[in-house]
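The block underneath contains the structure these notes are about, expressed in C-alpha cells.
The values are calculated or read from the model by the stated rules, or taken from the named source; none is laboratory data. Fair warning: this is a prediction, and the values are worked out from it, not measured in the lab. FYI the Cβ positions are ideal-geometry reconstructions off the backbone, even for glycines, and counts take in every protein chain you see.
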Amino acid sequence: MRILIQTGSPPSWGSLRAWVPSLVVAIAVFSGPGAAEAQTGQIRCSVTENGAPARGTVAVEQSGRKVGSGSCGAVLSVPAGKCKVTVWLDGALDNPSKAVNVQVVAGKAAPVAVDFQTGVLEVRVETKGKRGTAMITVNRGSKRIGTLGSGVAARLSTGSYEVVVRLGGQEQRYTVDLRPGQRRLVRAQF
C-alpha cells in the first residue's frame, strides 16, 4: 500500500480519485473477516440431566442485550466480553433454566456446562375401578407449572409439588417430592 502526502494547496477532485482505490484496499484489509473474527469468541454449551447427556437451548446477553441464541451442542459465535448465558432444559414441564456469567475471549471458545436434576411424575385417574380422565394441574408453591393428562409422564425439576386432580365436582390434592432420577406415580381414585 502506498501513502501519499501532499503539501501546499488542498487536493483537487482529480487527485482524490487516485487515492480511492488505495483507500478501498486499506479498508478491506483492516476491516475484513479477520478483523471481525478477532472481536468475537464462542460459547460451547453442554447440558446434562441427572448426569446423562440431554438437550437444551441457550441464550446469550451482553449489557442486557441479546447477542445470540441456539441449541446446546452447537458452537455459538458472540462478541467478546462479559456475557450472561442462560440455558434451558428442553422437554421438562416446568421449563427449568440456569444462568451463568462467562468471560468470552476473542478467538476462543468458552465452555458452559449445566446439569439439571429432574424426576418423573405420572398421575393415573381411576373411576369405579376403570381408567378415567380428569383435569390434572401441577403447582409449585402458589405458581401453576402446567397440566397433565391421565397416564402421561412428565419430567420436572426436583423439589416439592402439589398435584390437583379434578373430576366432575370432586377434587383431590397430593403433595409429591421428587428427587433426582426418581419416578413417582400418583393414583387418584374417584
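When region 64-80 is filtered for residues that are of a type in the set (S, T, N, Q) and either surrounded by 16 or more Cβ atoms within 10 Å (Cβ to Cβ) or free of Cβ contacts under 8 Å to residues at least 12 places away in the same chain (or both), only Ser77 remains. Of the residues examined, Ala110 is not one that is within 21 Å of Leu156 (Cα to Cα), modelled with pLDDT of 95 or more and not assigned by TED's automatic domain parsing to the domain that holds Val164. Of the listed requirements (1) touching a residue at least 24 places away in the same chain (Cβ under 8 Å); (2) of a type in the set (S, T, N, Q); (3) part of a strand (DSSP E or B), Ser150 misses just one: (3).
Determine, yes or no, whether Glu61 is within 30 Å of Gly41 (Cα to Cα) and either of a type outside the set (Asp, Glu) or assigned to a strand (DSSP E or B) (or both). Give the steps one after another, and end with the answer.
Details: within 30 Å of Gly41 (Cα to Cα): yes; either of a type outside the set (Asp, Glu) or assigned to a strand (DSSP E or B) (or both): yes.
Yes, satisfied.
Residue-by-condition table, conditions (1) assigned to a strand (DSSP E or B); (2) under 30 Å from Leu76 (Cα atoms); (3) not small (Gly, Ala, Ser):
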site: Asp115; (1), (2), (3): yes, yes, yes
site: Arg124; (1), (2), (3): yes, no, yes
site: Asn139; (1), (2), (3): yes, no, yes
site: Ser160; (1), (2), (3): yes, no, no
site: Val165; (1), (2), (3): yes, no, yes
site: Arg173; (1), (2), (3): yes, no, yes
site: Val176; (1), (2), (3): yes, no, yes
site: Pro180; (1), (2), (3): no, yes, yes
